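**Student:** Starting off with a structure, shown below.
Just so it is clear, none of the values below were taken in a lab; they were calculated from the coordinates. Computed from a predicted model, the values in this text were never measured in an experiment. Glycine also receives a Cβ, built like all others from the backbone with ideal geometry; neighbour counts cover every protein chain displayed.
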Amino acid sequence: MVNRHFIITIEQQTILVTSPQIGTLYGISVGPGDPELISIKGLRCLQQCPIVAYPAGLHGKQGIAEQIITPWLSSQHQLPLVFPYVQDPEQLHNAWQQAALTVWEHLSQGQDIAFACEGDVGVYSTFTYLAETLAGLYPQAIIQRIPGISSPMAAAAALDIPLTCQRDRLAILPTLQRLENLAEALTWADVVVLLKVSSIYSAVWQILQQNNLLQTSYVVVRASTTEQEIYQNLEQYPELELPYFSLLIITKRSTPKASPG
């Protein structure tokens with residue numbers, strides 16, 4: 001928490017005035033799934049903050065971030081925040097506003113909050129929207145980000161290949177709305193990572209086939225978790241029923257084949 005101090009002068013007397021304490025909102029990157037893929041700094045902050053927030057899971061189940069941090073929590077107050085999995089801008093805006101208001105109730109009382117973010121706080125992160133909304137509503141809010149490991153890095157490690165090397169150009173794309181984005185990326189990138197590829201896998205497979213990239217592309221499901229799955233030599237897999245947390249790594253170079261997962 002941070003104390004704000006002001007010096008005022010009244011009738012030639014200097015008085016130190018302390019404003020109400022404001023807690024700090026920490027965005028803590030907790031990795032893609034393995035609870036041990038968290039930095040020492042992030043773990044220390046997670047365990048020292050009196051309040052730990054995270055995106056609430058669906059249908060009463062634990063969300064990914066909550067699952068990751070559960071082994072590290074003790075007596076902290078837990079604060080699940082609802083972020084709907086929708087594309088509707090109004091619903092999302094309302095959810096971010098409500099989450100920011102909820103967080104501010106605690107911060108304004110001098111309580112620090114650790115927000116556990118799956119992957120890295122700076123890579124397509126829910127924390128980005130929470131932090132931006134909070135800062136917009138309360139410019140005096142104090143926000144700090146602690147970086148970490150995101151899923152493309154964990155997936156490359158699982159495949160036992162480098163994500164990039166030498167002068168490779170890397171493109172990381174979120175869920176594709178238009179396949180033209182992939183086609184354009186393939187014109188300049190040496191390595192392309194498609195996040196959350198499940199809904200468009202079949203169409204992407206066709207593009208990879210047309211570009212002779214099936215043998216040097218890989219699918220990793222739930223990277224770094226106990227449920228991790230690896231698919232390589234995608235010529236064998238024109239159709240896959242993939243869960244939401246699946247990514248695809250496309251390489252144009254000749255890479256060592258991954259070990260079966």
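**Student:** Go through region 79-130 residue by residue and tally those that are farther than 18 Å from Thr24 by Cβ, hydrophobic (A, V, I, L, M, F, W, C) and assigned to a loop (DSSP other than H, G, I, E, B).
**Tutor:** 4
**Student:** Right, next: For region 141-170: of the residues being among the polar types (S, T, N, Q) and closer than 23 Å to Thr126 by Cβ, which is nearest to the chain's Cα centre (by Cα)?
**Tutor:** Selected residue: Ser150.
**Student:** Kindly indicate whether Leu101 is touching a helix residue (DSSP H, G or I) at 6+ places or on another chain (Cβ under 9 Å), aliphatic (A, V, I, L, M), under 21 Å from Ser39 (Cα atoms) and surrounded by fewer than 18 Cβ atoms within 10 Å (Cβ to Cβ).
**Tutor:** The answer is no for Leu101.
**Student:** Which pairs turn up if I take residues in region 223-249 that are on the phi > 0 side of the Ramachandran plot and look for partners that are in a helix (DSSP H, G or I) and of a type outside the set (S, T, N, Q) with beta carbon separation below 9 Å, at least 6 apart in sequence or on another chain?
**Tutor:** Here the result reads Ser224/Ala154; Ser224/Ala155; Ser224/Ala157; Ser224/Ala158; Asn233/Leu214, each pair linking region 223-249 to a residue that is in a helix (DSSP H, G or I) and of a type outside the set (S, T, N, Q).
**Student:** Now for a separate question. Which count do you get for residues in region 182-207 that are over 20 Å from the mean Cα position of the chain (by Cα) and surrounded by 15 or more Cβ atoms within 10 Å (Cβ to Cβ)?
**Tutor:** Number of matching residues: 11.
**Student:** Let me ask something else. Scan region 156-169 for residues that are more than 20 Å from Ala185 (Cα to Cα) and part of a helix (DSSP H, G or I) and jot them down.
**Tutor:** Ala157, Ala158, Leu159
**Student:** For region 104-146, which residues satisfy the criterion of being of a type in the set (A, V, I, L, M) and loosely packed, with under 15 Cβ neighbours inside 10 Å?
**Tutor:** Leu137
**Student:** Oh, and also: Can you confirm whether Ile207 is assigned to a strand (DSSP E or B) and of a type in the set (A, V, I, L, M, F, W, C)?
**Tutor:** no
**Student:** Restricting to region 210-224, name every residue that is in a helix (DSSP H, G or I) and surrounded by fewer than 20 Cβ atoms within 10 Å (Cβ to Cβ).
**Tutor:** Across region 210-224, the qualifying residues are Gln210, Leu214, Gln215.
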